[in-house]
1. Can you find a residue in region C:224-233 that is closer than 18 Å to C:I31 by Cβ, β-branched (V, I, T) and surrounded by fewer than 20 Cβ atoms within 10 Å (Cβ to Cβ)?
2. One residue is enough: does region C:163-174 have a residue meeting the conditions in contact with a Pro (Cβ under 7 Å, 6 or more places away or on another chain) and among the polar types (S, T, N, Q)?
3. Tally time: how many residues in region C:123-146 are out of contact with any Leu (no Cβ under 9 Å at 6 or more places or on another chain) and buried (at least 23 other Cβ atoms within 10 Å of the Cβ)?
4. On the given criteria, is C:R199 without any contact (Cβ under 8 Å) to a residue 12 or more places away in the chain and within 13 Å of chain B (Cβ to nearest Cβ)?
5. Quick check: is even one residue across region C:147-155 crowded, with 23+ Cβ neighbours inside 10 Å, part of a helix (DSSP H, G or I) and without any contact (Cβ under 8 Å) to a residue 60 or more places away in the chain?
6. Return the pairs, sorted by first residue and then second, in which the second residue is buried (at least 23 other Cβ atoms within 10 Å of the Cβ) and hydroxyl-bearing (S, T, Y), the first residue lies in region C:105-129 and is within 17 Å of C:S160 (Cβ to Cβ), the beta carbons are less than 7 Å apart, and the residues are 6+ apart or on different chains.
7. Of everything in region C:28-43, what is under 21 Å from C:R256 (Cα atoms) and within 13 Å of another protein chain (Cβ to nearest Cβ)? Give them in sequence order.
8. I'd like the full set of residues that are over 28 Å from B:S111 (Cα atoms), of a type in the set (A, V, I, L, M, F, W, C) and facing chain A (nearest Cβ under 9 Å), limited to region B:63-96.
Amino acid sequence: MLETLAMFGFGPDGWGPAMLRAAANTVAVAAAGFALGGGLGILVAWAKIAGNAPLRWLAAGYTTVLRGIPDLLVIYLFYFGSGLLLTPIAHMFGAEGFVSLPGFLAGMGAIGVVSGAYHAEVIRGAFYSVSTGELEAATAIGMPRLLKFRRITLPLVARHALPGLGNVWQMVLKESALISVTGLVEIMRQAQIGSSFTRQPFTFYFAAGVLFLTITILSGLIFNRLEHRYSRGRA
Amino acid sequence: MDFEFLSQTFLKLLHGIPVTLELATLSLMLGACLALAFAVIRVRRIRPLNWLVIGYVYVFRGTPLLVQLFIIYYGLAQFPEIRSSFAWTYLREPYWCALLALTLNTAAYGSEILRGALLSVPRGQIMAARACGMSGLLLFRRISFPIALRQALPAYGNEFILMIKATSLASLVTLADVTGIAARIIAETYRPVEVFVAAGTIYLALSYGLILLVRLAEIRLNPDQREPAPGAGVSAARKEVNP
Amino acid sequence: MNQMTPPAQPPAVSVRGLRKRYGALEVLKGIDFDAHRGEVVSILGSSGSGKSTLLRCINMLEIPEDGTVTVDGTEIELVAQRGGGRRPADTRAMDRMRARIGMVFQDFNLWSHKTVLGNVIEAPTHVQKRPRAECIAEARTLLDKVGIADKADQYPSRLSGGQQQRAAIARALAMKPAVMLFDEPTSALDPELVGEVLRVIRALAEEGRTMLIVTHEVGFARDISDTVIFMNEGVIEESGPPEEVFAAGNNTRLARFIEG
């Protein structure tokens, strides 16, 4: 048991630093995908709320399709699909073999596109739960539309959206484990490397689980804090 | 977009549907049994099991399914005790490992759904049952559970769809489900877009077929929720608070 | 306290020294009373007087901290439990007792997943284990008696409030109870629906059933009761036949309640 723990130490033979670096990659790709998804989600939510019929149909199609297809397939699409585009270009420049987006970018893209669908629903729900009175008041005092959006609509919707966004974040975090298929050295990939090197798969995958759980707990705390702050003044 | 290739791929992918459906349905049903046990433990606060269930749910909802799957499929092989036990005939097979991982995972989510549903059964109806002399298993079987089930159906329908998507991870432990076959075709032909469209269509069809089934089940189980008669229900204006 | 001729049998319901507390608030401060076979007792009082709590202690939906309740000659023994309070020594005995007491709730509490007929036969079939065919036949008779025979195969959500309450009364009667308890049976009803329920309750009273009714319908109480009990702040302040209790100048608090 003690040797197991020592294996994760920070000495020259220890896997500690590698696992922590991998954890940083996990958080990074998840955060990047989450941010991308957030941007997409706002656009799609806006299309559903204020767009004309074709836009609404497109948006509905997007959310329906992307919530019904396994994430793994989307990741394959981004990873191998990017290779389709990039390989010929890279060959023109003299590169050889299969060239694709690095795992990080492919992963971020896939996570972004999938989470965008969930973001859109959360934002839409949050928008409808903001009382129209508060928004009307801003219009009534003559706020120009962009200013109103920035100073009133966005903060109010953000406050209602926080719990849902917290759920999407947890989902994105777990999704990031699938990015390991692209070769990106996040937690799962690092655990795979470690387990094949040391022939101790249980140890490494268990450690991976512990890392994920830790990140989950910390994320939960942060989102709780945020929800508290943004609920100031709420009845 | 090569439509010839697309339809060929589509036909090949159909072979993966049995595995996908089997894994999803079996794991959901087994997981639901577990989930019911967990939910009852949580609602009745049976200590110390209560805390164990809380921990179980937290861990299984807080870690990726992939981690759970790999621990079971790759990780358990690390222990000689397991390799020499009778369970090894099952645990060395990717199918049973995937089934186990999916079951344990959906049990965690399902237990929260059922817990919420049990807690939302109107207390008045339970009180009326007690007043007639019902208690324990009889009360649960005849009143609490049927009402909770109707409540849980929409959320459990959603869970079914999530399970269909989750089975795609079985492809990562060598199983030939729809995603597994798709991955193989992509690796052989480098044509991810067509394969994605074909596989995606199959998953969407499965999901929507399921949604329809669940809606049908909901309608059948809730005959009282077709249009209510006018003037029905308790008058809110005359409600009084009882001491 | 009761002016009827001394009965030959023990009282149908007998309550001694009942005390009930919710946290720091004492809701029942020592209640003693008897209800005899065939007697109709109305319990009046303002909100917070403890009348509903008293009713719910009789079939142990609330467990009193102190005191005893005897129904139809049987007392449910209560023992102390860890964490404070008391619990029934024998839950089976309590269930059997509850099956002999019919209760009608303010909010009807019909089971939403069963038809009206299903609601009425549920307890006789599964608690009293009587043959299903017999229960169904009796249920239809009861539903006819309360005037909703045509609604037997409907679900509760499609009935009006008055119809639901009458179904609830039929459900309680189906168990052939020794005592009927009514907890503000018309308080949640629209005014125009109150009458139909009161008519049914009056008919039951005229049949000679033992009934305890917590109600705000003062006129109705005066009309059908053998005994009226007036509660205030956890104690019985007045008790006796309606003519006595409602006689002018007897108790200003009661008089204020009646007028109020």
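1. no
2. yes
3. 2
4. When the stated conditions are applied, C:R199 does not pass them.
5. No: zero hits.
6. The qualifying pairs are C:T115/C:Y155.
7. C:I43
8. Hits for region B:63-96 are B:A77, B:F79.
The values are calculated or read from the model by the stated rules, or taken from the named source; none is laboratory data. Just so it is clear, the model here is predicted, and its values are computed rather than measured. Counting neighbours? That spans all protein chains shown, and the Cβs are built from the backbone with ideal geometry, glycine included.
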